[in-house]
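Trainee: Dropping a structure here in structure tokens format, bear with me for questions.
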Amino acid sequence: MPYVLGIDIASTRTTAATCVDSGDGWGVPEPSWLGARGPAAASAVFLDDDGYLLTGDAAVEAGRSAPARLLTGFHERVGDDVPVIVGGERFPPESLSAVLVDAAVDQAAERFGEKPRHIVLTHPVGWGSFRRDLLRRALAEAGFPRAGLVAAPIAALHAYLAPHGDVTAGVCEFGPDGAVVTIAAAGVNGWQPVKTVEGVDPGEAVGRVFELAHGAGIPPRTMAGIVLCGEAPPVPGRTPCPLFASSDPVLTVATGAANIAARRDVPRPGGAGSNAVATIETTLLPRVDLPEELTERPERPPVDITPFPLPERTGAAKLLSRRKPLVAGAAVVVLAAATLLLTLTTREATADKGPEAPPTTSSSCAPPTPGATPSTPEGRC
């Protein structure tokens with residue numbers, strides 16, 4: 001029976017959902033059971049002594065006895081320069097994400113008896129083309145060259161809201177590090193992220209959606225709604241727009257990814273009857289079977305530092321050399337003490353002498369003789 005598969009790899013858990021084509025169209029997405037006790041499984045990989053990889057809850061269970069061989073949190077590290085090293089083996093983070101995808105596909109194939117017709121995988125909303133290309137290449141090497149990629153909040157919107165008309169909606173993704181709040185706008189190419197804020201307090205997530213909308217000039221009452229996914233807390237009171245939250249919000253993103261995989265509510269450029277393929281990577285399928293060449297990481301501009309010699313210090317200035325700051329400081333202290341001592345000695349020697357007589361001044365004017373009269377005016381002073 002033909003079916004498609006949507007997979008959501010979050011920081012701590014992985015979920016999946018399937019849509020089945022019964023002949024009359026694609027059915028409603030249903031969760032794919034990945035965990036040992038529920039639909040969600042841990043986003044974990046364990047490397048055993050024989051070199052085999054365990055995934056999900058089985059990896060966590062095996063990691064209790066050998067925690068050094070348990071790998072978690074690697075999906076967010078896609079694009080890092082430092083690989084994950086365990087047991088002497090080096091694993092690029094994107095290759096570990098592909099291992100989780102392969103495990104989810106195997107479990108779905110065991111249930112339906114065949115591989116899915118199409119796969120859509122989610123990624124964090126902040127990823128650029130470099131990280132998406134790395135993950136797409138790892139999926140191609142794992143046997144999934146046509147797997148589609150979609151941002152997690154965009155997939156969450158496709159679980160409830162179709163991108164019809166000029167509308168705006170919000171998404172609150174709740175995780176262990178707080179909430180990721182996103183507002184998205186609908187257009188001819190589907191939902192597109194407008195603004196995202198990470199690390200929001202879970203109790204303030206819904207209010208932050210309205211703040212972002214107000215900052216974008218969008219009245220909260222005109223929003224199509226807010227989708228809650230992940231470990232969503234209860235929202236007290238009434239909100240200006242509808243709230244969408246299932247009985248198990250952890251499955252919301254995977255459900256939306258399955259809807260996208262079934263091409264539900266995904267418009268095509270040129271209208272519904274057009275065969276053109278849209279160019280938005282986050283909502284539609286890749287355009288080619290083989291992955292394109294990996295995008296090169298932008299090179300950092302070289303820094304040209306030209307050394308120049310400092311002038312050689314002469315005389316007493318050598319004491320202030322930067323190479324010996326302690327010696328220079330001691331020399332300054334000694335020099336200051338010698339100057340102070342010389343000043344005090346001079347003052348003491350001057351204090352022992354009596355008052356000096358005022359200096360005699362020579363003048364060309366002689367004191368006048370009593371009774372004599374000057375002959376000319378030039379002789380007066």
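The values are calculated or read from the model by the stated rules, or taken from the named source; none is laboratory data. Keep in mind that this is a model prediction, so the values were computed, not measured. For neighbour counting, all protein chains shown are included, and Cβ atoms are generated from backbone atoms with ideal geometry for every residue, glycine included. The area values use the complete protein model at the heavy-atom level, side chains included, leaving out ligands, DNA and RNA. Shrake-Rupley method; radii C 1.70, N 1.55, O 1.52, S 1.80 Å.
Trainee: Would you list the P(r) distribution for region 157-244, with all Cα-Cα distances sorted into 10 Å bins from 0 and each bin expressed as a whole %?
Mentor: The percentages, shortest bin first, are 19, 55, 25, 2.
Trainee: Another question, then. Going by a ≥ b ≥ c, the root eigenvalues of the Cα gyration tensor, does region 109-154 fall in the rounded group (a/c under 1.5), the prolate group (a/b larger than b/c) or the oblate group?
Mentor: On the way: a/c = 3.46, a/b = 1.67, b/c = 2.07.
Taking the square roots of the gyration eigenvalues as a ≥ b ≥ c, region 109-154 is oblate.
Trainee: Another question, then. Nothing charged except the Cβ atoms of Lys and Arg (+1) and of Asp and Glu (-1): what's the magnitude of the dipole of region 177-242 about its Cα centre? Round to the nearest 20 debye.
Mentor: It works out to roughly 360 debye.
Trainee: When the accessible area of region 42-163 is split by element with a 1.4 Å probe, what percent falls to carbon and sulfur?
Mentor: Working: 2560 of 5270 Å².
Summing carbon and sulfur atoms, their accessible area is 49 percent of the total for region 42-163.
Trainee: Among G88, G51, V78, which residue has its Cα furthest toward the positive end of the charge dipole of region 32-91, with +1 on Lys/Arg Cβ and -1 on Asp/Glu Cβ?
Mentor: Of the candidates, V78 comes out farthest on the positive side.
Trainee: Something else: Residue by residue through region 30-37, which ³J(HN,Hα) values in whole Hz follow from phi under the Karplus form 6.51 cos²θ - 1.76 cosθ + 1.60 (θ = phi - 60°), with glycine and proline marked x?
Mentor: Couplings: 10, x, 9, 6, 10, x, 6, 10 Hz.
Trainee: Which shape class applies to region 212-267: rounded if a/c is under 1.5, otherwise prolate when a/b exceeds b/c and oblate if not, where a ≥ b ≥ c are the square roots of the Cα gyration tensor eigenvalues?
Mentor: oblate
Trainee: Okay, next question. If I model a spin label at E198 and A109 as a point 7 Å from the Cα along the Cα→Cβ vector, what separation in nanometres do I get?
Mentor: Inter-label distance under the simple model: 3.3 nm.
Trainee: Counting other C-beta atoms within 10 Å, and keeping those with at most 14, which DSSP coil GluC sites (Glu not before Pro) do you find in region 101-206? Could the numbers behind the result be given before it?
Mentor: Details: sites: E110, E114, E141, E173, E198, E204; in loops: E114.
Passing both the DSSP loop test and the Cβ count: E114.
Trainee: Now for a different question. Taking the Cα atoms of region 104-209 alone, what are Rg (to one decimal) and Dmax (as a whole number) in Å?
Mentor: Taking only Cα atoms of region 104-209, I get Rg and Dmax of 16.0, 46 Å.
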